[in-house]
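Right, one structure below, let's go through it.
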Amino acid sequence: MKELLEIIAKALVEHPEDVHVSEIEGEQSIILELRVAQDDMGKVIGKQGRIAKAIRNVIKAAATRENKRVVVEILQ
């Protein structure tokens, strides 16, 4: 999951070296925290959050195949 999110984010931004994904495992779910450069926040979120929603849907679909629950948080 972490690698998939990192690949997607790096493809979207202008500064791929500033993309960092951290994984926090809880009892019932996994939280993926995505950090990008301040200049690239708009590219990751998109107009009205459409790109962020699409990223979350792709990650959620991949997690469903592994019977896991994943939450994607986009942080500054």
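Tell me the angle of helix 2-12 to the major Cα principal axis of the chain, expressed in degrees between 0 and 90 and rounded to the nearest ten.
The two axes meet at around 20 degrees.
Considering only C-alpha atoms, what is the centroid distance from region 40-76 to region 17-34, in Å?
Distance between centres, Cα-based: 11 Å.
Work out, step by step, the length gained on full extension between residue 22 and residue 61: first 0.36 nm times the residue separation, then minus their alpha carbon distance; give nm to one decimal. Intermediate results must be reported in sequence, preceding the final value.
On the way: separation 39, 0.36 × 39 = 14.04 nm, distance 1.91 nm.
Extra length from residue 22 to residue 61 when fully extended: 12.1 nm.
Give the calculated FRET efficiency between residue 37 and residue 7 to the nearest 0.05, with a Förster radius of 22 Å applied to their Cβ-Cβ distance. Before the final figure, lay out each step's value.
Working: r = 17 Å, r/R0 = 0.77.
Efficiency, from the Cβ-Cβ distance: 0.80.
Helix 50-65 against the longest principal axis of the chain: what's the angle in degrees, Cα atoms only, rounded to the nearest 10?
It is inclined by approximately 30 degrees.
For the chain, what's the relative contact order in percent, using C-alpha pairs closer than 8 Å and at least 6 residues apart?
Numbers: 105 pairs, mean separation 25.4, N = 76.
Reported as a whole number, the value is 33 percent.
Taken together, the values in this text are just the output of simple stated rules run on the coordinates, not laboratory data. Bear in mind the structure is a predicted one, so any value in this text is a computation, not a measurement. In this analysis, Cβ positions are derived from the backbone assuming ideal geometry, glycine residues included, and neighbour counts consider all displayed protein chains.
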